[in-house]
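Written below as structure tokens is the structure these notes are about.
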Amino acid sequence: MTSPTTTVGRIPVGRLTPASLEPELRPKAFEGEVVPFRATVFREGHDAVGAMLHLVAPSGATTEHRMHLMGQGLDRWEADALLDEVGEWRWRVTGFGDEFETWVHDAGIKVPAGIDVELMLEIGARLLYRASLQMIRPKAARRRLAASARLLRNRAKPVDVRAAVIDDAALHAEFHVRPYASLTTTSPEHVIRVERRAAGVGSWYEFFPRSEGAHRYKNGRWRSGNFRTAQKRLAEVAAMGFDVVYLPPIHPIGRAFRKGPNNTLDAGPDDPGSPWAIGAPEGGHDAIHPDLGRLRDFRAFVRRANELGLEIAMDFALQASPDHPWVTAHPEWFTTLPDGTIAYAENPPKKYQDIYPINFDNDPEGIRQEALRVLRHWIAQGVRIFRVDNPHTKPLAFWEWIIGEVNAEHPDVVFLAEAFTRPAMMRSLAAVGFQQSYSYFTWRNTKEELEEFLTSVSQETADYMRPNLFVNTPDILTEYLQFGGPAAFTVRASIAATAAPLWGVYSGFELFESVARPGAEEAIDNEKYEYKPRDFARAEDEGRSLGLYLGILNRIRAGHPALGQLRNIRFHATEDPAILAYSKHVDGSFTRDGEPDTIIVVANVDPHSVRETTVHLDVTALGLPEGSRFTVDELVSGETWEWGASNYVRLDAFTMPVHILHVRGAIDA
Ligand SMILES: O=P(O)(O)O[C@H]1O[C@H](CO)[C@@H](O[C@H]2O[C@H](CO)[C@@H](O)[C@H](O)[C@H]2O)[C@H](O)[C@H]1O
């Protein structure tokens, strides 16, 4: 007689994570990420259960990780695992009856109470004897198990001596690693894709190459900067510790409906236009703006960046100026209105009168192939990172297809989604393949907003979405920066650089550029429409630059592996509604000096005041025993303090509104 089919295993094992937004989409991680694997495991009755994570690395190496219960009564089990190899990891969870724990629990209650003493010791003896025969255990452990079984049965010894076996730490350690399991039930196999480290960790810096080395003649006309003059800036960016340089589009810019200064619609003959208005008689998405140089200049620029330890991220903006060669060669790629015109693009309430949006439905295959050709062209020039403009205005299926195609050929290529829209679309873009996503960080400024935002990105969506915390962009100059003075810039950079492993800065941030175009949330005299050479060296000499501080932040990031993780942020209570406190700690992660790595950040998010408060730390979240006192080093000022569970802090917006503290270890009592 066959038994009826059931969906539930003998020991139920369910709700496995990491999981993506939809079951058919794979979750992802980055090389070096410590990933929490979780499952719900329980059973009928009162006997103990256990759970084990089984991992198979892309190389085929297998490891097992005993999972621990996340909270009494929750039946949720977890094991953290370091995924240190790029490729597909396979994993499953087994749930089992834990015979040793069941006996320890029962005997631990009954024997001291004098109930069924000999019976309980005999049950234990039989269990330990059977375990001693298991060949998976090392010889020494098998000998110890057999000896313990004999001791449990040795009636010549006092009961308390025999019963000491119940608490024998060595036995507990042995059964923790190699449990005595019954009714073992195995979950289906799951897959998690591990991408290269730059997919999840990086410091981005954005600048317009045409501004670097641009020169204004006495007659008011401009000479554009180019890839050769912009190379100078690369060394300065590298000196600030950034590792990715993102360039707005570098292609020929259309003339038709070209935008003038401050987003005006009547450009003068010398206005350079918005770089996102791609396409002119000189070429489209595979061409370089003649003012910037030739392909060989771009290649030299990429090479120089690489020599300095920088990667170049290119803009990938699927739209066309009316002058783009696509418009005449492929009118079917655009939507022609009944009056014969093509509507310009929009991202309401913004209007992009100088570009046509693409219609992805008239000739989907033609557009897919052309987009793939363009990406392959730039990949062949050494580009491995693309910042994708407005992906949420294009079909999701298109992105799933093209990212899949590119990553199948070049698994190291990284795409950043520049989408500021509803959560369903932003999350789905990440789930279908975008390695990184812009986020709402820019608009989350209060302590409450930041805690809520950072909790969401580090806990709810981290299995498939990686936020890149840009502090500003050419499109975004928030009120917080407009009116917060230098403290606002310091606070935002400090939080962005330490709260998540990806952060970004658009040029001019370090100069505290804060004047907005009236009625807009972006800088006045915006670089999107004009050349903007900046004298960074002079600003630094005159003490008007945050450049050195950005360099310190990036060096702190580089020296502290705990900051290279997304999921490990923990918030701590403070008594001031404007003082945000969080820590980042990873078990088993060490600094270059071999010290355990734990960072605490305390930030005064009110850029207009001096605040004092007590920070109440959950010391166990720092990897230290409850009640510990420990030394903290302030990584910017170099000061050292002794801290514990409650600590006084004073953060002055006008001098230094942030503490970034490295926990040096517990002080012996
Ligand atoms: O729509 P978003 O806010 O996501 O902004 C991105 O896409 C815009 C369109 O490409 C781009 O806008 C800039 O280029 C347009 C086309 O030339 C121009 O009409 C806009 O005035 C200009 O801001 C924006 O920069 C980009 O980040």
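The values are calculated or read from the model by the stated rules, or taken from the named source; none is laboratory data. Owing to the predicted nature of the structure, the values given are computational and were not obtained by experimental measurement. All Cβ positions, glycine included, derive from the backbone under ideal geometry; neighbour counts span all protein chains shown.
For segment 98-119, a residue qualifies if it is acidic (Asp, Glu) and not in a helix (DSSP H, G or I), and the qualifying residues are 98, 116.
Across segment 63-81, the number of residues qualifying as surrounded by fewer than 15 Cβ atoms within 10 Å (Cβ to Cβ) and assigned to a strand (DSSP E or B) comes to 3. Checked against (1) away from the ligand (no atom under 11 Å from the Cβ); (2) surrounded by 19 or more Cβ atoms within 10 Å (Cβ to Cβ), residue 318 meets all criteria but (1).
Residues in segment 473-492 include none that are within 16 Å of the ligand (Cβ to nearest atom), in a helix (DSSP H, G or I), within 26 Å of the chain's Cα centre (by Cα) and crowded, with 19+ Cβ neighbours inside 10 Å.
Residues are listed down the side, and each one gets a yes or a no for (1) more than 19 Å from residue 248 (Cα to Cα); (2) surrounded by fewer than 19 Cβ atoms within 10 Å (Cβ to Cβ):
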site	(1), (2)
276	no, no
288	no, no
299	no, yes
302	no, no
306	no, yes
311	no, no
336	yes, yes
345	no, no
374	no, yes
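Pairs are defined by a Cβ separation below 8 Å, a sequence spacing of at least 6 or placement on different chains, a first member in segment 462-475 that is under 15 Å from residue 430 (Cβ atoms), and a second member that is part of a strand (DSSP E or B) and within 11 Å of the ligand (Cβ to nearest atom); the pairs so defined are 467/438; 468/438.
Checked against the criterion of being within 16 Å of the ligand (Cβ to nearest atom) and either in a strand (DSSP E or B) or touching a residue at least 12 places away in the same chain (Cβ under 8 Å) (or both), segment 227-247 contains one or more residues that satisfy it. Scanning segment 40-62 for residues that are aliphatic (A, V, I, L, M) and either assigned to a loop (DSSP other than H, G, I, E, B) or in contact with a helix residue (DSSP H, G or I) (Cβ under 7 Å, 6 or more places away or on another chain) (or both) turns up 48, 57, 61.
In the condition set (1) modelled with pLDDT of 95 or more; (2) under 25 Å from the mean Cα position of the chain (by Cα), residue 655 is compliant with all but (2). Annotation: of all residues in segment 513-548 being within 15 Å of the ligand (Cβ to nearest atom) and surrounded by fewer than 17 Cβ atoms within 10 Å (Cβ to Cβ), the one that is nearest to residue 216 (Cα to Cα) is 525. Residue count for segment 345-359, restricted to those that are more than 9 Å from the ligand (Cβ to nearest atom) and modelled with pLDDT of 95 or more: 4.
When 241, 260, 220 are checked against the criterion of being more than 25 Å from the chain's Cα centre (by Cα) and at positive phi, 220 stands alone in meeting it. Looking at 629, 570, 664, which is the one that is closer than 26 Å to residue 469 by Cα and surrounded by fewer than 19 Cβ atoms within 10 Å (Cβ to Cβ)? Exactly one residue qualifies, and that residue is 570. Residue-level analysis places residue 378 outside the set of residues that are touching a Gly at 6+ places or on another chain (Cβ under 8 Å), among the hydrophobic types (A, V, I, L, M, F, W, C) and either surrounded by fewer than 18 Cβ atoms within 10 Å (Cβ to Cβ) or in contact (Cβ under 8 Å) with a residue 12 or more places away in the chain (or both). Of the residues making up segment 497-512, those that are away from the ligand (no atom under 16 Å from the Cβ) and either surrounded by fewer than 22 Cβ atoms within 10 Å (Cβ to Cβ) or more than 22 Å from the chain's Cα centre (by Cα) (or both) are 510, 511, 512.
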